[in-house]
Amino acid sequence: MNKSILYKNFLATVTVFTLILSFGFVSCSGKKEAKSVSITNVSYDPTRELYQEYNKAFAKYYEEKTGTKVEISQSHGGSGKQALEVANGNDADVVTLALEWDVQAIADAGRIHDKNWVKKFPLDSSPYTSTIVFLVRKGNPKNIKDWDDVVKPGVGVITPNPKTSGGARWNYLAAWAYAAKHNLDAKDFIKKLYQNVLVLDSGARGATNSFVQNKQGDVLLAWENEAFLSIAEDPEGYEIVTPSISILAQPSVAIVDEVVDYRKTREVAEAYLNYLYSDEAQRIEGKNFYRPSNPQILKEFENVFDLNVQLVTIADFGGWEKAQKEHFSDGGVFDQIYEKK
């Protein structure tokens, strides 16, 4: 075989090989890889189970709607502590905290740019609510029925620290409202309550663990959802007592503008918080013992929640700015009445 034939055969082989490679490259590159994005939700202590379920539902919804996969990272802790960490630079695309004041602290630090952030989402950016109840041991051995029983000598109380926990601040204000309604010296009433507190955990879940796992105390002042979770886990161990007066606890949600702008995640972050108001999400919230903000869906859970309990609101305390300054700031009423053990 002469050199000319060999050269032609070589060229033919190279051409075929090149075509095969080109076809393979086009075939592989022709497959569109699904887009993906990740966001972080910094939340408060007792929302772990709620967002574990909600995040799966949202990710499914968002991918079906946009074709983009979304991965949500969660962080949980005492609401005040979580807010401080985000204000100081920890990254969070969204925050879902226990109360408006904690979100405002992030805004005051300049990380939330919208001065009217509370109106960004419906119902003052509060997609679900809760209230404060008592969790007692089965049979209610101390016969705790209302707030006046909680301050009796010899009653061991578990509640978190209002300096770090949003739930603890709701607990404190609900007790104050009871004293005020009954024309009692509210400051003295609160002092007696905290004299009965055995341990001040930094967050609501830590307080629940002290009461449930460590068997400390006779009564846990608890988020309603946290009390129901304890009953679900051990129905023979505990009972819920609803006091005659409590408070409408309104957790708040917000976009952290500084983070979503540099991470380019605003679209998915806004969708994430908006979807909390969807029918699917509202039912997930009810299933996890939060009160849905949609009145029609809340009615579906009327056999779960006591919808007749008298609830005061933060407006009865002049709003969060006034309540925080008067009761929980350095030198406020809590600092004046609490004696460390």
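The values are calculated or read from the model by the stated rules, or taken from the named source; none is laboratory data. In this text the structure is predicted, and so the values were computed from the model without any measurement. Cβ coordinates were reconstructed from backbone atoms using ideal geometry, including for glycine residues, and neighbour counts include every protein chain displayed. For accessibility, only protein heavy atoms count, side chains too; no ligands or nucleic acids. Shrake-Rupley method; radii C 1.70, N 1.55, O 1.52, S 1.80 Å.
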Share of carbon and sulfur in the accessible heavy-atom surface of segment 179-324 [1.4 Å probe, %]: 46 percent
Length released on extending from Ile297 to Ala315, taking residue separation times 0.36 nm less the Cα-Cα span: 4.0 nm
Residues whose placed amide H lies under 5 Å from that of Leu99, excluding near-sequence neighbours: Ser252
Listed values (i) 22.2; (ii) 21.2; (iii) 23.0, entry calculated as Kirkwood radius over Cα pairs in Å: (i)
Distance from segment 208-227 to segment 316-332 (C-alpha centre basis), Å: 26 Å
Rounded if a/c under 1.5, otherwise prolate or oblate - segment 190-341, Cα gyration tensor axes: oblate
Residues with amide H under 5 Å from that of Thr40, placed H, sequence gap 5 or more: Ser73, Asp93, Val94
Label-to-label distance, nm, for residues given as Asn214 and Lys322 (7 Å Cα→Cβ offset): 3.7 nm
Helix axis angle, 3-29 relative to the chain longest principal axis, alpha carbon, degrees: 20 degrees
Contour minus Cα-Cα distance for Lys187 and Leu84 (0.36 nm per residue): 34.3 nm
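Applying a 10 Å radius around every beta-carbon, put 93-100, 45-52, 180-187 in order of their mean neighbour count, most first. Before the final figure, lay out the partial values.
Values: 93-100: 26.1, 45-52: 20.6, 180-187: 13.8.
The densest-packed peptide leads the list: 93-100, 45-52, 180-187.
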Shape category assigned to segment 143-202 from the gyration tensor of Cα positions, a/c cut at 1.5: oblate
Full-stretch length increase - Asn308, Gln52 - with 0.36 nm per residue and alpha-carbon distance subtracted: 89.2 nm
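Calculate for the chain the 222 nm mean residue ellipticity that helices alone would give, adding -39,500 (n - 2.57) per DSSP H run of length 4 or more and normalising by residue count, nearest 500 deg cm²/dmol.
Mean residue ellipticity, 222 nm, calculated: -13500 deg cm²/dmol.
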Karplus (6.51, -1.76, 1.60) ³J(HN,Hα), θ = phi - 60°, over segment 282-290, in Hz, Gly and Pro reported as x: 4, 6, 5, 4, x, 4, 9, 6, 9
Using θ = phi - 60° and Karplus 6.51 cos²θ - 1.76 cosθ + 1.60, couplings along segment 106-118 (whole Hz; Gly, Pro as x): 6, 5, 5, 7, x, 8, 9, 8, 6, 5, 10, 4, 5
Theoretical FRET efficiency, 1/(1+(r/R0)^6), r = Cβ-Cβ of Lys264 and Leu123, R0 30 Å, to 0.05: 0.60
Per-residue HN-Hα couplings for segment 150-158 [Karplus 6.51, -1.76, 1.60; θ = phi - 60°; Hz; x = Gly/Pro]: 5, 9, 5, x, x, 8, x, 10, 10
Ranked by how many other beta carbons lie within 10 Å on average, peptides 250-258, 107-115, 290-298 from highest: 250-258, 290-298, 107-115
Estimated distance in nm for a label pair at Lys115 and Ser38, the labels positioned 7 Å out from Cα along Cα-to-Cβ: 3.6 nm
Tensor-based shape of segment 119-225 (alpha-carbon gyration tensor, a/c under 1.5 rounded, otherwise prolate or oblate): oblate
